[in-house]
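See structure below.
The values are calculated or read from the model by the stated rules, or taken from the named source; none is laboratory data. Quick caveat, the model's predicted, so the values are computed rather than measured. In this analysis, Cβ positions are derived from the backbone assuming ideal geometry, glycine residues included, and neighbour counts consider all displayed protein chains. Accessible surface is based on the protein model in full, side chains and every heavy atom, while ligands, DNA and RNA are left aside. Shrake-Rupley method; radii C 1.70, N 1.55, O 1.52, S 1.80 Å.
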Amino acid sequence: MTGEAAIETVRFSLETLRHPAEILVDCWGVPHVRAADRLDLFLAQGFNAARDRLWQLDLWRKRGLGLLAADFGPGYLAQDRAARLFLYRGDMAAEWAAYGVPDMEAVVTAFVAGINAFIDQTESRPELLPPEFGVLGTRPARWAAEDVVRIRSHALVSNALSEAARAQVLVRADLATDLVRRSIDPPHRIERPDGFDAAAVPARALDVLQLATAPVTFTPERLAARLDEAWRWSRVSELGEIYAAPAEDGSNNWAVAGSRTATGRPILASDPHRTYALPSLRYVVHLTAPGLDVIGAGEPAVPGISFGHNGHAAFSLTIFPTDQEDLYVYETEPGPPPRYRYGGGSEAIRSVRERIPVAGAPDQEVELLFTRHGPVIFADPAQGRAVALRTVWSEPGSAAYLASLGAMLARSPAEYRQALRHWGAPAANHVYADRDGHVGWFVAGKAPRRPNWDGLLPVPGDGRYEWDGFHDPADLPASLDPERGWVASANEMNLPADYPAEDRKLGFEFFEPARADRIAEVLGADTAHSLDAAMRLQTDDLSGPARRLLRLVPPEGGPAAALLAGWDGSLHETSAAAALFEVWWTRHLKPALLARAAPDRHVRRLLAPGDHETLLGALERPGQTPWLATEAERDALLSATLAEAHAACAALLGPDPAGWAWGRLHHGYFEHPLEATGLAPDELGSVGPLPKGGSGSTVMNTRYRPADFRAVSGASFRMVVDVGSWDESRFINAPGQSGDPRSPHYGDLAEIWAARRYLPLLYGREAVEAATATRIALVPARPTRDTAAEQAAAAASPAGARSQ
């Protein structure tokens, strides 16, 4: 905590502000934003987001709008074209109305006015610019309100990549083999659409989609690319590097009723899992104005919050894998304009030409093609084929998380669910708890109705397979105040047993159940849940796959089996057994199982890294698959691969297992986007490495890349809310709140995060004032008669505000 004498006070004069406002930044970097009315509040939120995250915001906008090449050159032209294919191009009046917030356009306009107000400040005070702009020789661009909602490609939707992968497997193998790549749940028999041609969607058909959704990356080679090399920079690695498909990000959340907590008050816990980044995807903020007092996390480019509480109700979300997109394959005819067969005739492919500015080169004209279903992402005129994507991104109301602006104000389950009727994307499990004692789980998001197919394979685009609108939000699954006293989700298949899953076909590709099973195990046994227990569960490192495989390890397995004997399956960073297990499972056993399941190396590549439920099921029940027929065959495979893993650990960690530790291999590292360029390494630091426990199968999800065991995704933001005793709530947001390398809050939370610790999420005015380290006064540049007195009072505030 800090005393009043230690508080730094600064003052900004803003042209677009109507009344004085203030931002109190606490000692952990959390801004507490206070304003006299709703629109000034969101203006101040935008100003503050730019103050802490301007370079991140600028990249977000330029990536989403397809404007990277203007700053960074020809190496970004292909990515710009790809992004533009997925911009919202529909009616803007319908878009603003779709979120169920009457003043949505005014709120977003105020928010971007705040971002622009900070950019204005940097023009007279260039030292306010984050150093990345100077290193790269660029400037931040001003925002329009439409930019926030037109950019869709940051949202998580599915399942086009899986549709394409399944089709590619079927070129050389069968649907049973594809289960090794992705299991189907709830149980369902996949039907091949009439006219389906697996070969019509080659691997390169998804390059444009992956490029449109990839992050911005920087290498010396890409920054130096010539115009004649521009279209070479159009492929994406599995890690999101521009040069298949990235693995999915999951999340956990739960809410426990007061009847099962130590205090008698509900507890809500949330830890969304996304790719680790510097700065992080989430940003914690407290927003206060008359009739509005919310605190929690959201994305810095979006007004409001998506995870947090409003002083009465707490809320959070995880991804619910609704199938929100479909691949359409067309038979095409040459033009001009080119056409595709539809119904009893044909339709023209619509062409949109746009000019993209390119640094160091003339503007480049690109052609964007669209069918009635959506953007054309692949065309092979020689074969008379094209592929387009139909996605909820094209529908009004699908800007990621924007419907949170309505949901964050709900003060009852009915109000919350009503607000979720307007939730478009990403489809999500929403968890809710309030001071009245209610806990609830609600699925929300646009869910297409497919009358005659299941969405698991590409379909002909000739009119036989069309969406029939969307399911009524009231028909999506939900649970309020269940008898067991808690609700939870971890991206698992959580449709109720009596839900008509086969009729509604919301989706069949959920995440492995290991995290959800562990959460249910712990909550089911805990009749006095507490904040400490919730924090322990969020950082729980017990591995479901490890527990299952430990039962199968042959006892005569030598020193490797001896090391695993008595181990409970916890992937603690100090554990030698954890290091051995993960090296075994990831680098030896899974590859050996994939080799048996798919002798064809092309198919094997498509199946990697392998579906855990299918692979573990084959090991637990030999004979259920033709490629692992007997227990003796299984035991021999386990013994051989375990011995290989033991030798590999000796090579990686030394010959003595006493010195092995999972955290010596598995580590968190928040890499600055410019690290690979070698530019200004002293100014633009990365954060880490930090030893980490867990894996992608533990509640503390720390999915890693097998090549070097670096954790690449998981929960950098965690929150535990004591519903009703709000100042007891806790959070962490790694590596720090700020994206400016010069800020004390750039990496100050990383070691706390790595140590599985938390900080207070302060809400009450007295607690916030006591923890304030910096006070930022925002005053109108042109005060009206009504605000003159307010401005005079602000000028007389303690600590002699420094004008900026």
- Task: Look at Glu790 and say whether it is surrounded by fewer than 19 Cβ atoms within 10 Å (Cβ to Cβ), modelled with pLDDT of 95 or more and not in a loop (DSSP other than H, G, I, E, B).
- Result: no
- Report yes if Leu389 is buried (at least 20 other Cβ atoms within 10 Å of the Cβ) and assigned to a loop (DSSP other than H, G, I, E, B), otherwise no. no
- Task: Search the range 681-699 for residues that are over 17 Å from Arg515 (Cα atoms) and of a type in the set (Gly, Ala, Ser) and pair each with any residue that is part of a strand (DSSP E or B) and open to solvent by 40 Å² or more (accessible area, probe 1.4 Å) when their beta-carbon atoms are under 6 Å apart and the residues are at least 6 apart or on different chains.
- Result: Gly688/Tyr669
- Task: Of all residues in the range 72-98, count the ones that are out of contact with any Gly (no Cβ under 6 Å at 6 or more places or on another chain) and surrounded by 20 or more Cβ atoms within 10 Å (Cβ to Cβ).
- Result: 14
- Note on the structure: Residue count, the range 414-427, condition under 19 Å from Pro482 (Cα atoms) and either open to solvent by less than 20 Å² (accessible area, probe 1.4 Å) or of a type in the set (A, V, I, L, M) (or both), comes to 2
- Message: For the list (1) over 33 Å from the mean Cα position of the chain (by Cα); (2) under 25 Å from Trp627 (Cβ atoms); (3) crowded, with 20+ Cβ neighbours inside 10 Å; (4) not acidic (Asp, Glu), I need the number of the one condition that Leu552 fails.
- Response: (3)
- Query: Which one of the conditions (1) within 17 Å of Ala534 (Cα to Cα); (2) surrounded by 18 or more Cβ atoms within 10 Å (Cβ to Cβ); (3) of a type in the set (Gly, Ala, Ser) does Ser725 fail to meet, given that it meets all the rest?
  - Reply: (2)
- Is it true that Pro622 is open to solvent by 30 Å² or more (accessible area, probe 1.4 Å), part of a loop (DSSP other than H, G, I, E, B) and closer than 17 Å to Pro554 by Cβ? yes
- Query: Out of all the residues in the range 490-500, is one or more at pLDDT 95 or above, surrounded by fewer than 23 Cβ atoms within 10 Å (Cβ to Cβ), closer than 30 Å to Asp436 by Cα and touching a Ser or Thr at 6+ places or on another chain (Cβ under 9 Å)?
  - Reply: yes
- Any hit, the range 335-345, residues being surrounded by fewer than 17 Cβ atoms within 10 Å (Cβ to Cβ) and part of a strand (DSSP E or B): yes
- Task: Filter the range 668-682 for residues that are of a type outside the set (Val, Ile, Thr) and either in a loop (DSSP other than H, G, I, E, B) or over 21 Å from Ala754 (Cβ atoms) (or both) and give the result.
- Result: Glu671, His672, Pro673, Leu674, Ala676, Gly678, Leu679, Ala680, Pro681, Asp682
- For the range 396-413, name all the residues that are open to solvent by less than 10 Å² (accessible area, probe 1.4 Å) and among the small types (Gly, Ala, Ser). Gly397, Ser398, Ala399, Ala403, Ser404, Ala407, Ala410
- Query: Among the residues of the range 110-141, which ones are touching a helix residue (DSSP H, G or I) at 6+ places or on another chain (Cβ under 8 Å), in a loop (DSSP other than H, G, I, E, B) and farther than 12 Å from Leu54 by Cβ?
  - Reply: none
- Query: Can we say Asp185 is closer than 23 Å to Arg450 by Cβ and under 27 Å from the mean Cα position of the chain (by Cα)?
  - Reply: yes
- Task: Go through the range 15-53 and give me each residue that's charged (D, E, K, R) and not in a strand (DSSP E or B).
- Result: Glu15, Arg18, Asp37, Arg38, Asp40, Arg51, Asp52, Arg53
- Determine whether the range 636-649 contains at least one residue that is open to solvent by 20 Å² or more (accessible area, probe 1.4 Å), in a loop (DSSP other than H, G, I, E, B) and over 26 Å from Thr698 (Cβ atoms). no
- Message: Just checking: which of the helices (runs of 4 or more DSSP H) contained wholly in the range 553-603 hold 1 or more residues that are β-branched (Val, Ile, Thr)?
- Response: 576-583
- When the range 734-771 is checked residue by residue, the ones that are part of a strand (DSSP E or B) and touching an Asp or Glu at 6+ places or on another chain (Cβ under 6 Å) are none
- Item | Any hit, the range 461-473, residues being open to solvent by less than 10 Å² (accessible area, probe 1.4 Å) and modelled with pLDDT of 95 or more | yes
- Task: Output the qualifying pairs, or none if there are none: Cβ atoms under 6 angstrom, residues six or more apart or on different chains, first residue in the range 42-70 and at positive phi, second residue buried (at least 24 other Cβ atoms within 10 Å of the Cβ).
- Result: Gly66/Asp80; Gly66/Ala83
- Query: If you check Val583 against the conditions, is it farther than 16 Å from Pro706 by Cα and open to solvent by less than 10 Å² (accessible area, probe 1.4 Å)?
  - Reply: no
- Item | Residue satisfying all of: in the range 156-184; touching a helix residue (DSSP H, G or I) at 6+ places or on another chain (Cβ under 8 Å), open to solvent by 10 Å² or more (accessible area, probe 1.4 Å) and in a loop (DSSP other than H, G, I, E, B); nearest to Ala444 (Cα to Cα) among these | Val157
- Query: For the range 210-240, which residues satisfy the criterion of being hydrophobic (A, V, I, L, M, F, W, C), within 23 Å of Glu367 (Cβ to Cβ), open to solvent by 10 Å² or more (accessible area, probe 1.4 Å) and part of a helix (DSSP H, G or I)?
  - Reply: Leu227, Trp231
- How many of the residues making up the range 443-460 are open to solvent by 10 Å² or more (accessible area, probe 1.4 Å), in contact with a Lys or Arg (Cβ under 9 Å, 6 or more places away or on another chain) and under 18 Å from Thr318 (Cα atoms)? 0
